[in-house]
1. First compute the accessible area of the chain with a 1.4 Å probe, then give the percent of it belonging to carbon and sulfur atoms.
2. Size of the dipole of the range 1-132 about the Cα centre, Lys and Arg at +1 and Asp and Glu at -1 on the beta carbon, nothing else charged, in debye to 20?
3. With an 8 Å Cα cut-off and a minimum separation of 6 or more residues, compute the relative contact order for the chain in percent.
4. List the residues whose amide H sits under 5 Å from the amide H of residue 199, counting only those 5 or more places along or on another chain, with H placed 1.01 Å from N in the peptide plane.
5. Using only Cα atoms, locate the centre of the range 364-397 and the centre of the range 398-416, then give the distance between them in Å, rounded to an integer.
6. Note the angle between two axes, namely the Cα long axis of helix 256-265 and the longest principal axis of the Cα atoms of the chain, as a number of degrees from 0 to 90, rounded to the nearest 10.
7. Taking amide H positions as placed 1.01 Å from N in the peptide plane, with prolines and chain starts having none, which residues 5 or more places from residue 315, or on another chain, fall under 5 Å of its amide H?
8. Quick one: what do you get for the range 113-191 if you divide its Cα Rg by 2.2 N^0.38 Å?
Amino acid sequence: MARIVMKFGGTSMAGTERIRRVAQIVRRQAAPKPDGTRDEVVVVVSAMAGETDRLVNFAREAHALYDPAEYDVVVASGEQVTSGLLAMTLQSMGCKARSWLGWQLPVRTVEAHAKARVEGIDADALLASLAEGSVAVVPGFQGISAEGRITTLGRGGSDTSAVAVAAAVKADRCDIYTDVDGVYTTDPRIVARARKLKAVTYEEMLELASVGAKVLQTRSVGLAMKEQVRVQVLSSFTDDDSPPADDLPGTLIVSDTEMDAILERNDMERQHVTGIAHDKNEAKIILTRVPDKPGAVAEIFEPLAAASINVDMIIQNVGRDKGETDVTFTVPQTDLPRAQALLEDRRSGIGFNRIITDSHIAKISVVGVGMKSHAGVASTMFRSLSDRGINIQAISTSEIKVSVMIDEDETELAVRVLHTAYGLDAPEEG
């Protein structure tokens, strides 16, 4: 007997017909096996596709400067609806099931409304229900604060909910069902010969998620790595007679140790590069003629950090004759207006001359644990882009990642060029 957490996203829950299909997948997983045992199953669900956006718009129409606590009450209702509907649908199929809302477990959270973090989950009642053979349906994205108010985890938070529940119940695996059937070497819509990966490490998936891969929310991967939760990415759009998840070829997200064992079993070497990610949701800010003195850069980035605006690539030109320098950095596109306003308010304190912004940029990233032990990955990237006339505006690196900033119009070309340059293209059929 295994204990499995299954998570279904908004596209999988978009309407009663799709919820019925999800229920069929869940029933298959929870059905008795030939040896008479059955898996204990927890299902974590998102709101129906588009529903959270609809609820957010209602909140904005009610009050432009809405109370974040009341905002959470409104937007958390989308997952409450789908959890109840799925439990009902399972019951109609003869499957014992019930819903558990975030406050009923409870899922205890800390920090601000609309971007709360899971502190812990009291799973005793849930485990007792599973032991009785009932499928538990849990709404993702929501929890409860120390003050007893409903909280939400931020957009994409249902992935994090699923991993947190899996950690709390000590699940054997957390299956994330999406509209894709696994993690690919890059976006298959851009590169037709992208390959589905059998397994990736937590570290690689964390980097891929943080630099634009849309398969999993970054926080969920970080939590999975911290709690050592085995995650599998699968498609919910399967045929009625498809096998259960145990037999489906999804993508496993695992520890370095398990990855080494997988490679050894399949007699494979670790690739230098695992995947290519792209992100068009970045914006560039240039502050000109910043005083070249100690503390000047801190004056720029401290207010941005205080406003929870993430800064990624940073370039500071070395000041020469006039004791001044230009500072270039990137922020999420949605945070550009706030960042610009904050910096304008502090113009006199920072001492810069002008703010120049550009939202027509993209970040292209090459990711792979194999970079740790192989030289030349960065030079291959730079040479390949140069040969196609693609100009690099900024560079940032980590131990297993190299990212460059380029013009947005060259995104697809850059991804295709790099995918081929690193030998990631699948063999041509026939």
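The values are calculated or read from the model by the stated rules, or taken from the named source; none is laboratory data. Owing to the predicted nature of the structure, the values given are computational and were not obtained by experimental measurement. When we count neighbours, we look across all protein chains shown, and the Cβ atoms used for this are built from the backbone with ideal geometry, even at glycine. Side chains included, ligands, DNA and RNA excluded: accessible areas come from the protein's heavy atoms. Shrake-Rupley method; radii C 1.70, N 1.55, O 1.52, S 1.80 Å.
1. Using a 1.4 Å probe with all protein chains present, the chain comes out at 49 percent carbon and sulfur.
2. On the way: 16 positive and 16 negative charges, 136 e Å.
Computed about the Cα centre, the dipole is about 660 debye.
3. Working: 874 pairs, mean separation 58.9, N = 430.
Across the chain, relative contact order equals 14 percent.
4. Under 5 Å from the amide H of residue 199: 252.
5. Result: 8 Å between the Cα centres.
6. For 256-265 against the chain, the angle is about 70 degrees.
7. 328, 329
8. Here the Cα radius of gyration is 1.33 times the empirical estimate.
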